[in-house]
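Comments concern the structure below.
The values are calculated or read from the model by the stated rules, or taken from the named source; none is laboratory data. Note that the coordinates shown come from a computational prediction; the quantities given were computed from them, not determined experimentally. No Cβ is skipped: glycine too gets one built from the backbone with ideal geometry, and neighbour counts run over all protein chains shown. Please note that ligands, DNA and RNA were not included when accessible areas were found on the heavy atoms of the full protein model with its side chains. Shrake-Rupley method; radii C 1.70, N 1.55, O 1.52, S 1.80 Å.
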Amino acid sequence: MSNNSLKEKTAKGLLWGGLNNTLQQLLNLVFGIFLSRILSRTDYGMIGMLSIFSLIASSIQESGFTAALTNKKDIQDKDYNAVFWFSSLMGLSLYLILSLCSPLIAGFYNNPELEALSRFSFLGILISSMGTAQSAYIYKNIMVKQRAIISTVSLFTSGCVGIFMAVNGYAYWGIATQNIIYVSSTTCMLWYFSPWRPTFNIDFSPLKNMFSFSSRLLITNIFGHINYNILSVILGKFYSSQEVGDFNQANKWNYMSYSIITGTINGVAQPVLSKISDDKERQKRVFRKMLKFTSFISFPLMFGLSLTAHELITITITSKWSDSADILQILCIGGAFSSITFLYSNLIISKGKSKIFMWNTISLGLTQILIMILSYPYGIPIMIKLYVGINIMWMFVWQYFVWKEIGLSLTEALKDILPYFVASSATMLITGYITGTFISNIYLSFISKILMAAGIYITVVWLSGSVIIKESYNYLVKKKK
């Protein structure tokens, strides 16, 4: 693939991915605001306590085969067919197992209502398993536009159903149903957009060649979900469901925000980096450009969310969620670095080093579990600060492995990252001081912070001669013409 062809495909992927994820998060925001105003902190806590089981089960049924198919050079229909039947049968098995274990789950949290709720929620595992191969096809072929349509329609449909049920008094059942509708709609549309179809010629032998790679990703994904949800589990065990709800609400806003960046990257990073994995110098150049782009977007977005957390939460979902705002401010700091870590991990996967990816994520997971268990007696704020601190420091562990793979030194990485980190930090400090000193009205403060921070940041980055902002501007102007 030529330089111009790859550059154009990457740019289109980033554009569509950015539009897709921005629209996704805007829809999540709108529907989330309505639901958060109607539902209680306990309702969100109920769903939050089950998340880790659904996510781990979904990882098992997918088993890392999406990434394995993406990295496979000479792919055939029988490869997709083997993944389809494996995922479907695994999804059915996992649903039956988890349904039988629902009394144990309810007993662990000492909450009998979770038994029926878990049986219903776990249906999503079975439904999503029937779209794994189709999703892999769309992902491998960088069909970002189709993925944007799928996610947008699914979010809108499921969001409308969730609000309807919440308004009619179904409480946490409304959130659970919303999730099921989202998964069902996504699976149906994956079948619609993917030209590939399964056959009844069931042959699992193609999985053997992918298993050594995919199995490591499976273990990695499981520990990744543990890392992300460990606080919900510990809070659910040792604290009240309301406190779980506060954390999950804050975590949801944090996730929505940095998912705009990671979702944009995810649509192109691994496929593009995989295509040039044999050219180390070219891959390094492409990766550094992606690293600059990620830093350029991630730091101002996440630091800005931290700056406006209290105003945003109070205005959108009322002061009953004020405790979530304090948590959100801390989580956003870690969220800014999560996007960079995500890009690092995509580079490792594109090099076929799933073993490194696996052990690095396992090590992080075990560290998180140990620290969270030791720190829970000291209160939620301490736990969250430690959780964020560990995730930020682990970025340097990923950096070491990236250096080993493509020769990107820490000095080079910091040269790409620090200008945007410093610009964003200074922007938010100046904005916070000015608005905090002269503006007291919450609505005026919120709008002023956004406009002032955006103006200062763009001006500083432009005047500093950032190549990324100028290339992005030129590309958008060219597309408009």
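Structural remarks
- Taking the listed residues Phe421, Phe401, the one that is surrounded by 13 or more Cβ atoms within 10 Å (Cβ to Cβ), modelled with pLDDT of 95 or more and out of contact with any strand residue (DSSP E or B) (no Cβ under 6 Å at 6 or more places or on another chain) is Phe421, with no other qualifying.
- Some residue of the stretch 169-180 being buried (at least 16 other Cβ atoms within 10 Å of the Cβ), closer than 29 Å to Ser118 by Cβ, modelled with pLDDT of 90 or more and over 23 Å from the mean Cα position of the chain (by Cα): yes
- Filtering the stretch 30-42 to residues that are open to solvent by 20 Å² or more (accessible area, probe 1.4 Å) and within 17 Å of Glu113 (Cβ to Cβ) leaves Ser40, Arg41, Thr42.
- Consider the stretch 100-110 and keep the residues that are farther than 15 Å from Ser51 by Cα and of a type outside the set (A, V, I, L, M, F, W, C). The one that is modelled with the lowest pLDDT is Asn110.
- Only one of Met90, Met49 that is open to solvent by 10 Å² or more (accessible area, probe 1.4 Å) and either at pLDDT 80 or above or in a loop (DSSP other than H, G, I, E, B) (or both): Met90
- Qualifying residue in the stretch 167-190 (condition: part of a helix (DSSP H, G or I), among the aromatic types (Phe, Trp, Tyr) and over 24 Å from Phe53 (Cα atoms)): no
- Look at the stretch 179-205: where a residue is farther than 17 Å from Gln146 by Cβ and a partner is aromatic (Phe, Trp, Tyr) and open to solvent by less than 30 Å² (accessible area, probe 1.4 Å), sitting 6+ places away or on another chain with Cβ atoms under 6 Å, you get Pro198/Phe84.
- Residues that are without any contact (Cβ under 8 Å) to a residue 12 or more places away in the chain and either open to solvent by 30 Å² or more (accessible area, probe 1.4 Å) or within 20 Å of Tyr344 (Cα to Cα) (or both), drawn from the stretch 376-388: Pro377, Tyr378, Ile382
- Residue within the stretch 362-370 that is surrounded by fewer than 20 Cβ atoms within 10 Å (Cβ to Cβ), hydroxyl-bearing (Ser, Thr, Tyr) and part of a helix (DSSP H, G or I) present: yes
- Filtering the stretch 122-152 to residues that are at pLDDT below 90, part of a helix (DSSP H, G or I) and open to solvent by 30 Å² or more (accessible area, probe 1.4 Å) leaves Ser135, Tyr137, Lys140, Lys145, Gln146, Arg147, Ile149, Thr152.
- Qualifying residue in the stretch 262-273 (condition: of a type in the set (Ser, Thr, Tyr), free of Cβ contacts under 8 Å to residues at least 24 places away in the same chain, open to solvent by 10 Å² or more (accessible area, probe 1.4 Å) and out of contact with any Gly (no Cβ under 9 Å at 6 or more places or on another chain)): no
- Enumeration of residues in the stretch 424-465 that are in contact with a Lys or Arg (Cβ under 9 Å, 6 or more places away or on another chain) and buried (at least 19 other Cβ atoms within 10 Å of the Cβ): Met428, Thr431, Thr435
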